[in-house]
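Asks: Please read through the structure below; I'll follow up with questions.
Derivation of every value follows stated rules applied to the coordinates shown; laboratory data play no part. Everything numeric in this text was worked out from a predicted model, so none of it was measured. Note: ideal-geometry Cβ built from the backbone for every residue, glycine included; neighbour counts use all protein chains shown.
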Amino acid sequence: MIELVSAERCIACDKCIKVCPTDVFDRGADGVPVLARRDDCQTCFQCEANCPADALYVAPVTRPLPDDSPARDQEHLDRTGLLGSYRRHLGWGPGRTPAALRAVGPSLGPPGSGGASPPITS
Ligand code: SF4
Ligand code: SF4
């Protein structure tokens, strides 16, 4: 569930508004998105993944957290590194290594070698 939009970090790029499949956000007068239809959030993380300013936090729960939850507190999210943490784990953004390159798997060997094939299990 989307919990916080950081007005301090937001650069008003509209990406979260465009990618949200359920139209949760409206553009505020200052360009910072507002959670106009929060109950429609499907916890898909697309907004957080696509925010270039790490200004969003989506909690890995399917129900809204209470207003006094630390997950709704900008200072707590800043201090714990949770703002934009999903995007960071994906490795999206300048200077980050895409998660697909950090995945653990069988060595594929050099190009043309045939590489190691994963075992057939079914
Ligand atoms: S988590 Fe998905 S559904 Fe929820 S606000 Fe972000 S983009 Fe929209
Ligand atoms: S994607 Fe991030 S920076 Fe862009 S409008 Fe949304 S919250 Fe602001």
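Asks: Quick one: go through region 75-94 and flag any residue whose amide nitrogen is under 20 Å from the point 7 Å out along the Cα-to-Cβ line of Thr43.
Replies: The answer is 77, 82-90.
Asks: Each label point is 7 Å from the Cα along the Cα-to-Cβ direction; what then is the distance between the points at Ala7 and Asp30, in nm?
Replies: 0.4 nm
Asks: Under unit Cβ charges (Lys, Arg +1; Asp, Glu -1), what dipole magnitude, rounded to 20 debye, does the chain have relative to its Cα centre?
Replies: 580 debye
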